[in-house]
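Have a look at the structure below, then the notes.
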Amino acid sequence: MTLLNISNLSLRIGTFKILKDVSFSVAPGEIVAVTGESGSGKSMTAFSVMGLLPDTAEASGALYLEDQNLLDFSEAQMCGMRGKNIGMVFQEPMTALNPVKTIGDQVMETILIHKAMSPEQARDRARALLDRVGLPEDRFPLGRFPHELSGGQRQRVVIAMAIALRPKLLIADEPTTALDVTTQAQILDLLRDLVREFDMGLMIITHDLAVVADLADRIVVMRHGELVETGTTQELLHNMQHPYTKMLFAASNHQVTLPQAPAPQPLLEVSGAIRDYPLPRDGLFAKPKHFRAVKEVSFTLYRGERLGLVGESGCGKSTLTRAILGLEPLQGGDIRLDGMPITTEQNPEIRRRMQVVFQDPFGSFNPRHRVDRLITEPFHTLTDPPKGMARSDLITETLRAVGLKSDDAQKYIHQFSGGQRQRIAIARALITRPELILFDEAVSALDVSVRAQILDLLAELCEAYGLSYLFISHDLSVVRTITDRCLVMQKGEIVEAAPTEEIFAAPQHPYTRALIAAAPQLPDLNQGAA
Amino acid sequence: MLRYALKRGLSLAISLAVASLVIFFVIEIAPGDPASFMLGINAEPDTVAALRTELGLDQSKLQRYLGWVGGMLSGDFGMSYTYRTPVAEMIADRMWVSLPLAIYALTLSTLIAFPAGIYAAARRGKPGDMAVMGATQLGVAVPNFWFAMILVLIFAINLRWFGAGGFAGWDKGFGAAMKSLTLPAIALALPQAAILARVMRSALLDILGEDFMRTARAKGLTRRQALWRHGLRNAMIPVLTIIGLQFSFLLAGAIIIEQVFFLPGLGRLVFQAISARDLIVVESVVMLLVFAVISVNFLVDLAYALVDPRLRSRT
């Protein structure tokens, strides 16, 4: 028996076709993962089932939940279905809850809106639900507000809301993408347990193939609004047919070969770095308190070395990065680049020798400048910047080095895809031939196939320019392939530092072990059926 | 919450102290000696000096400042130079016109703006929205004194429902007093309502795009339920800010409307006092208005915290 049966679902907005003849089904108690890169239509499939499409969208085909076609339902009927028979969990727990209402009220609302029980009963049920999702009463009373909870805890509240009336079908749209690996592992465990306990069908939308392989009973691979391949997890993993599926899995586990690093010669020296943030005073005249985000961190990055820095959100890695860039002052210790102290005072010499690539390839560019102006911005750090022909030659050379064409220099940033934008960001970092580049989550926002290309590009640039870089990331699998040595940071301290392969093969610190254990792993697909 | 309130209260006190200093010294710098102004250009220097002594103008600036502030704290605002009556009484009389007028106008403006803004936001891009937006565009563009004259033409001269101006006085009964304030209140309220409705609409539209509105819909709320239960309260912060600003404006800025309708309000009092170099009246009224504005801001700050729990825990 199937619970949800999607057959020939097509969707268009105006003349733009979003989904083309998508068909698959979900059985009670089954976990079906819908995966694909951005623009594949996986989220729109979920919103079609919820009936939460934009007003201008037109859907055709059939969406059967048990024996009722949801596409025939009126908006009022769909309101009766949502929350009651179909629950949904969203990607962004930080914004998915109403900030001005208590978590208790928000969980109770699902129950009360469907008039399922009296307010007193609803309150008891909300309490029981929060207990069930791992938010016990002593620490998480119903009167808590969302801003008092962490991302993982908020996602638990969202899950409690979604399962409050024991829906037959639960839809989770990238439920763990915004969370740290250890939190992700806990949330996935919770979802898995709830599915078994309530015999729900779970349709999970995710781009993360490691999560898919770990969790799903069945996999649906989508691309450009079409279903590419589907099958049970074991079957699909070991006998994938479609070249796109193969490419997707290969790209997720992409390995690059870095050139040999030269003999150690210190380039960036961080010694005893301390970074404090002031906290609000307890009373009007109480002594101001501080939060120590970086606690006496010391490490050395050698010339030609590719160093990784991993840790979960809030561990202080971003703070440390900003201090290294000289954007924030230190409260103790010092940071030196090739012997020169780095301070918050503007120092063109240091800026020229150290550049940075950020996570958001769109937000870090001025949309009103052309690419040639964007990538030559670091020229203001030079005393004698190249002009005329020398300038345009350098632009062309740099754009080619990152795999773009010379006439891309005259385009604006919105004319490029996410991967191309990140190439432009790398070009901007590269153009002054810096000795050190900081990559701050530089590939985290990219699709796996694009990410694989950027990683290849970095390996090529290492070969061509002998790059030294500090690669800051929460993604262990990327750090593993793109760095020689790795630092693990927890609560403002570096708890482990060793050559990357040693860290992954034999982690010493308990935190490193927990981190590696929590990260979902793609099974080794070359070993045949396991 | 209490700490938040105390902190805002402290900031209120500091603002008032700074404001009193600024007002006193700025007005002292303004040219024109009240004594010679009152006695005319042919006055004997001796007479002027005598009057200066009588008015306390020969004291040092600091003495006069402290005397002025100390007096205000005990409810004594001093004597008007020109009318020779206690300033406190003059202000109190006018306050009984200006304050009810401001509250009346603000109530009207809110009553018009909330439904209009919510209606437009719920029907974004549809004819209803466009009609409301067109009307508010007009409301923002039309000056309130012109609007006041049109109101007088229609309701006072043609229909004869209201008087064309003047204030009946509270001793003639609540109804009569309110009736004479109605046309001025409408003239003041409409442009404010137009601004407030636009703010309400755009604040709501911002909120409608938030993730938690989608969550609400996923729970089974209809669009309307989601808007009322989750949208409105979150949209209140910008709306409260504008309401606070508008109240301050209505209290002091009604001078043109007071002129059009011959209302004995604070705006007219300041205007007359400035023309007559009645510095003590000017200082006191301005100080009172500053006090009102800062107090309204204080109340708005407290209202923020009531609306948004995140502000309660922040200091």
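The values are calculated or read from the model by the stated rules, or taken from the named source; none is laboratory data. This one's a predicted model, so the numbers in the text were calculated from it and none came from an experiment. Heads up, the Cβs are rebuilt from the backbone with ideal geometry, glycines too, and the neighbour counts pull from every protein chain shown. Only protein heavy atoms, including side chains, enter the accessible area calculation; ligands, DNA and RNA are left aside. Shrake-Rupley method; radii C 1.70, N 1.55, O 1.52, S 1.80 Å.
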- Item | Residues located in segment B:102-146, provided they are under 16 Å from B:Leu204 (Cα atoms) and aromatic (Phe, Trp, Tyr) | B:Phe114, B:Tyr119
- Message: Cβ-Cβ distance below 7 Å, separation of 6 or more or different chains: which pairs start in segment A:329-349 with a residue that is more than 20 Å from A:Thr383 (Cβ to Cβ) and end on one that is surrounded by fewer than 13 Cβ atoms within 10 Å (Cβ to Cβ) and of a type in the set (D, E, K, R)?
- Response: none
- Please enumerate the residues belonging to segment B:196-217 that are among the β-branched types (Val, Ile, Thr) and in contact (Cβ under 8 Å) with a residue 60 or more places away in the chain. B:Val199
- Task: Name every residue in segment A:112-144 that is over 30 Å from the mean Cα position of the chain (by Cα), part of a helix (DSSP H, G or I) and not hydrophobic (A, V, I, L, M, F, W, C), in order of residue number.
- Result: A:Pro119, A:Glu120, A:Gln121, A:Arg123, A:Asp124, A:Arg125, A:Arg127
- Item | One residue from A:Ala261, A:Ala251 being within 21 Å of A:Ala519 (Cα to Cα) and either of a type in the set (Ser, Thr, Tyr) or surrounded by fewer than 22 Cβ atoms within 10 Å (Cβ to Cβ) (or both) | A:Ala251
- Counted residues in segment B:218-234 being within 15 Å of A:Met161 (Cβ to Cβ) and either basic (Lys, Arg) or touching a residue at least 60 places away in the same chain (Cβ under 8 Å) (or both) come to 2
- Message: Which residue is farthest from the chain's Cα centre (by Cα), if the candidates are limited to segment B:290-315 and must be open to solvent by less than 30 Å² (accessible area, probe 1.4 Å) and free of Cβ contacts under 8 Å to residues at least 60 places away in the same chain?
- Response: B:Pro309
- Item | Selection count where residues are acidic (Asp, Glu) and surrounded by 15 or more Cβ atoms within 10 Å (Cβ to Cβ), scope segment A:227-248 | 1
- Message: Taking the conditions exactly as written (touching a residue at least 24 places away in the same chain (Cβ under 8 Å), under 28 Å from A:Ala162 (Cβ atoms), in a helix (DSSP H, G or I) and more than 10 Å from chain A (Cβ to nearest Cβ)), does B:Leu269 satisfy them or not?
- Response: no
- Task: Just one of (1) aliphatic (A, V, I, L, M); (2) open to solvent by 30 Å² or more (accessible area, probe 1.4 Å); (3) at the interface with chain B (Cβ under 9 Å from one of its Cβ atoms) trips up A:Leu71, so point out which.
- Result: (3)
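Let's see how each residue does on (1) assigned by TED's automatic domain parsing to the domain that holds A:Glu463; (2) assigned to a loop (DSSP other than H, G, I, E, B); (3) not hydroxyl-bearing (Ser, Thr, Tyr):
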site: A:Arg292; (1), (2), (3): no, no, yes
site: A:Glu312; (1), (2), (3): yes, yes, yes
site: A:Arg351; (1), (2), (3): yes, no, yes
site: A:Phe365; (1), (2), (3): yes, yes, yes
site: A:Arg368; (1), (2), (3): yes, yes, yes
site: A:Leu374; (1), (2), (3): yes, no, yes
- Can you find even one residue in segment A:112-119 that is surrounded by fewer than 17 Cβ atoms within 10 Å (Cβ to Cβ) and among the basic types (Lys, Arg)? yes
- With the condition kept exactly as written, say whether any residue in segment B:275-282 is open to solvent by 50 Å² or more (accessible area, probe 1.4 Å) and in the same structural domain as B:Asn144 (by TED's automatic domain parsing). yes
- Item | Within segment A:145-182, tally of residues that are in a strand (DSSP E or B) and of a type outside the set (Asp, Glu) | 4
- Note on the structure: Selection over segment A:334-356 where residues are open to solvent by less than 50 Å² (accessible area, probe 1.4 Å) and on the phi > 0 side of the Ramachandran plot yields a count of 1
- Message: Can you report the number of residues in segment A:76-93 which are more than 7 Å from chain B (Cβ to nearest Cβ), farther than 20 Å from A:Leu129 by Cα and at pLDDT below 90?
- Response: 1
- Task: Determine if segment B:223-246 includes at least one residue that is over 21 Å from B:Ala116 (Cβ atoms) and either more than 14 Å from chain A (Cβ to nearest Cβ) or open to solvent by 20 Å² or more (accessible area, probe 1.4 Å) (or both).
- Result: no
- Query: Does B:Ala164 count as modelled with pLDDT under 85 and outside any helix (DSSP H, G or I)?
  - Reply: yes
- Scope segment A:26-45; condition more than 18 Å from the chain's Cα centre (by Cα) and buried (at least 18 other Cβ atoms within 10 Å of the Cβ); matching residues: A:Val26, A:Glu30, A:Ile31, A:Val32, A:Gly41, A:Met44, A:Thr45
- Task: Restrict the check to segment A:59-67 and report whether at least one residue is part of a strand (DSSP E or B), more than 17 Å from B:Arg214 (Cα to Cα) and in contact (Cβ under 8 Å) with a residue 60 or more places away in the chain.
- Result: yes
- Mind listing whichever residues of segment A:385-412 are open to solvent by less than 90 Å² (accessible area, probe 1.4 Å) and among the hydrophobic types (A, V, I, L, M, F, W, C)? A:Ala390, A:Leu394, A:Ile395, A:Leu399, A:Ala401, A:Val402, A:Leu404, A:Ala409
- Task: Starting from segment A:501-517, take each residue that is among the hydrophobic types (A, V, I, L, M, F, W, C) and list its partners that are in a helix (DSSP H, G or I), counting only C-beta distances under 6 angstrom and pairs at least six apart or across chains.
- Result: A:Phe504/A:Arg480
- Filtering segment B:15-48 for residues that are farther than 30 Å from B:Ile294 by Cα and open to solvent by 50 Å² or more (accessible area, probe 1.4 Å) leaves a count of 9
- Item | Matching residues in segment A:467-491 - criterion: being under 12 Å from A:Gly311 (Cα atoms) and within 16 Å of the chain's Cα centre (by Cα) | A:Phe471, A:Ile472, A:Ser473, A:His474, A:Asp475, A:Leu476, A:Val479
- Mind counting the residues in segment A:504-516 that are farther than 22 Å from A:Val294 by Cα and within 23 Å of the chain's Cα centre (by Cα)? 2
- Only residues that are open to solvent by less than 50 Å² (accessible area, probe 1.4 Å), in a loop (DSSP other than H, G, I, E, B) and farther than 14 Å from A:Ala261 by Cα: list them for segment A:456-503, please. A:Asp475, A:Gly492
- Message: Condition (residue is within 11 Å of chain B (Cβ to nearest Cβ) and open to solvent by 10 Å² or more (accessible area, probe 1.4 Å)) applied to segment A:123-136: is it met by at least one residue?
- Response: no
- Query: Out of A:Glu109, A:Glu174, which single residue is within 21 Å of the chain's Cα centre (by Cα) and crowded, with 18+ Cβ neighbours inside 10 Å?
  - Reply: A:Glu174
